[in-house]
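As structure tokens, the structure follows; a few thoughts come after it.
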Amino acid sequence: MKALLALADGTVFAGSSIGAVGEATGEVVFNTSMTGYQEILTDPSYHGEIVTMTYPQIGNTGINLEDVESSHPHLAGFVVKECCQQPSNWRSCQTLDAYLKEKGIVGIEGIDTRALVRHIRSRGAQTGIISSVDLDPARLIEKARQAPGLIGRDLIREVTTTAPYRWRETPWLLESGYGQQQEPARFRVVAYDFGIKRNILRLLAAAGCDLTVVPATTRAAEVLALRPDGVFLSNGPGDPAPLTYAQQAIAELLGKVPLFGICLGHQLLAIALGGSTYKLKFGHRGGNQPVRQQDSGRVEITSQNHGFAVAADSLPEEVRITHINLNDNTVEGLEHPRLAAFSVQYHPEASPGPHDARYLFGRFTALMENFRNNLNQGKLNA
């Protein structure tokens, strides 16, 4: 079945339909990862986006029941050069095409994804539409132009949990699969779900955190009533600027409990500290982004997925920039030592890899330990 991808600037690509028959609109972006498509499909941070994979063959290892980052796919549409129909992997239970059909995700294959990515890099990410039911280019271009963009939209209300829940699952092992937290947890942690990935929760559990995950709209007073040793600010989709309720909650938590933010959580922390954010031309999405630690000079290869960034010149003097992206010098990490808060723009849980940045979960537990000791010694006011 034929399908078209039309962009708001009038560019049209012709290919074949994969996944569900229908139409899907969203911001067209690209991910440079060679693998990890199942995690990408189920990462809530892609909500509202049509994701293009730059690697030419996608679906080679099929779909399994374990490599998911949430309960279902969140992206608006999926674009690949070639969708493998005969996967080979001992854990595979269905093809990528069958999975997309089952989950209602509209996709397209057979287009020149290299040309599409070059176009996005030149013109910038923009709204687009995939359709296998309307093949009129002019109508599709107009639909793409009428579709809402990401700026100014609150997308986290559409992906966050509706009620608090506990989490005890630990990372996957080849010999036994996912485990369960066995040792008594050393720290009580509240995790804000702005679109949280499961592997973040698994690594926090493995680090000794007794986790309670709460909705994005949870007030600071409700969080503090749980008497946490630390608060985690998760990843999530879209623009951080309109999320004033989350910014206010974070501002009220600053100095009262240690904070660790990832991706959208990093951006929200920066705003709560007095900074601002802006939209990148085409974002950072992939598993090979080089990031430099400012203190040590050490370079980490990181997994990233974001279309907005923190404006370096907007940050107050007390806020330290700890990490820099070596491709474009954007802010990749910050900290406020006096308020026991730090964050990174990238994904240290990296499901799948690289694993260069997993030390940050240990940094969070060390920060909570130090904060607790200072509190017990009367050096801090609760």
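The values are calculated or read from the model by the stated rules, or taken from the named source; none is laboratory data. A quick note: this is a predicted structure, and the numbers were derived from the prediction, not measured. When we count neighbours, we look across all protein chains shown, and the Cβ atoms used for this are built from the backbone with ideal geometry, even at glycine. To get the accessible areas, we keep the full protein, side chains included, count just its heavy atoms, and leave off ligands, DNA and RNA. Shrake-Rupley method; radii C 1.70, N 1.55, O 1.52, S 1.80 Å.
When Gly230, Gly265, Gly238, Gly261 are screened for being over 19 Å from the mean Cα position of the chain (by Cα) and crowded, with 21+ Cβ neighbours inside 10 Å, only Gly230 passes. Within segment 351-360, does at least one residue satisfy the condition of being modelled with pLDDT of 95 or more, crowded, with 18+ Cβ neighbours inside 10 Å and closer than 12 Å to Pro258 by Cβ? The answer is no, given that none of the residues of segment 351-360 is modelled with pLDDT of 95 or more, crowded, with 18+ Cβ neighbours inside 10 Å and closer than 12 Å to Pro258 by Cβ. If you go through segment 315-326 and keep only what is closer than 21 Å to Phe282 by Cα and either touching a residue at least 40 places away in the same chain (Cβ under 8 Å) or in contact with an Asp or Glu (Cβ under 8 Å, 6 or more places away or on another chain) (or both), you end up with His323, Ile324, Asn325.
So, of the residues in segment 153-174 that are assigned to a loop (DSSP other than H, G, I, E, B) and touching an Asp or Glu at 6+ places or on another chain (Cβ under 7 Å), which turns out to be farthest from Glu69 (Cα to Cα)? If we take residues in segment 153-174 being assigned to a loop (DSSP other than H, G, I, E, B) and touching an Asp or Glu at 6+ places or on another chain (Cβ under 7 Å), then Arg153 is farthest from Glu69 (Cα to Cα). For segment 173-183, the condition holds for no residue, the condition being that it is open to solvent by less than 40 Å² (accessible area, probe 1.4 Å) and at pLDDT 95 or above. Any residue in segment 217-225 that is surrounded by 24 or more Cβ atoms within 10 Å (Cβ to Cβ), modelled with pLDDT of 95 or more, more than 18 Å from the chain's Cα centre (by Cα) and in a loop (DSSP other than H, G, I, E, B)? Looking through segment 217-225, none of the residues is surrounded by 24 or more Cβ atoms within 10 Å (Cβ to Cβ), modelled with pLDDT of 95 or more, more than 18 Å from the chain's Cα centre (by Cα) and in a loop (DSSP other than H, G, I, E, B). Listed by position, the strands (runs of 3 or more DSSP E) contained in segment 12-55 that have at least 2 residues being in contact with a Phe, Trp or Tyr (Cβ under 8 Å, 6 or more places away or on another chain) and of a type in the set (A, V, I, L, M) are 49-53.
Taking Asn327 as the residue in question, decide whether it is open to solvent by 40 Å² or more (accessible area, probe 1.4 Å), among the polar types (S, T, N, Q) and outside any helix (DSSP H, G or I).
Yes: the conditions hold for Asn327.
Looking only at segment 107-140, count every residue that is among the aliphatic types (A, V, I, L, M), under 21 Å from the mean Cα position of the chain (by Cα) and within 22 Å of Glu39 (Cα to Cα) and tell me the total.
Here is the first cut: in segment 107-140, the ones among the aliphatic types (A, V, I, L, M) are 108, 111, 115-117, 120, 125, 129-130, 133, 135, 138, 140.
Narrowing the set further to residues that are under 21 Å from the mean Cα position of the chain (by Cα) leaves 117, 120, 125.
Still in the list and also within 22 Å of Glu39 (Cα to Cα): 117, 125.
Within segment 107-140, residues that are among the aliphatic types (A, V, I, L, M), under 21 Å from the mean Cα position of the chain (by Cα) and within 22 Å of Glu39 (Cα to Cα) number 2.
Could you grab me the full set of residues in segment 93-116 that are open to solvent by less than 40 Å² (accessible area, probe 1.4 Å) and in a loop (DSSP other than H, G, I, E, B)? Correct list: Thr95, Ile105, Ile111. Restricting attention to segment 73-86, the residues being open to solvent by less than 40 Å² (accessible area, probe 1.4 Å) and part of a loop (DSSP other than H, G, I, E, B) number 4.
Looking at Gly208, Gly230, which one is under 24 Å from His323 (Cα atoms) and in contact with a strand residue (DSSP E or B) (Cβ under 8 Å, 6 or more places away or on another chain)?
Details: Gly208 fails: under 24 Å from His323 (Cα atoms).
Just a single option satisfies the conditions, and that option is Gly230.
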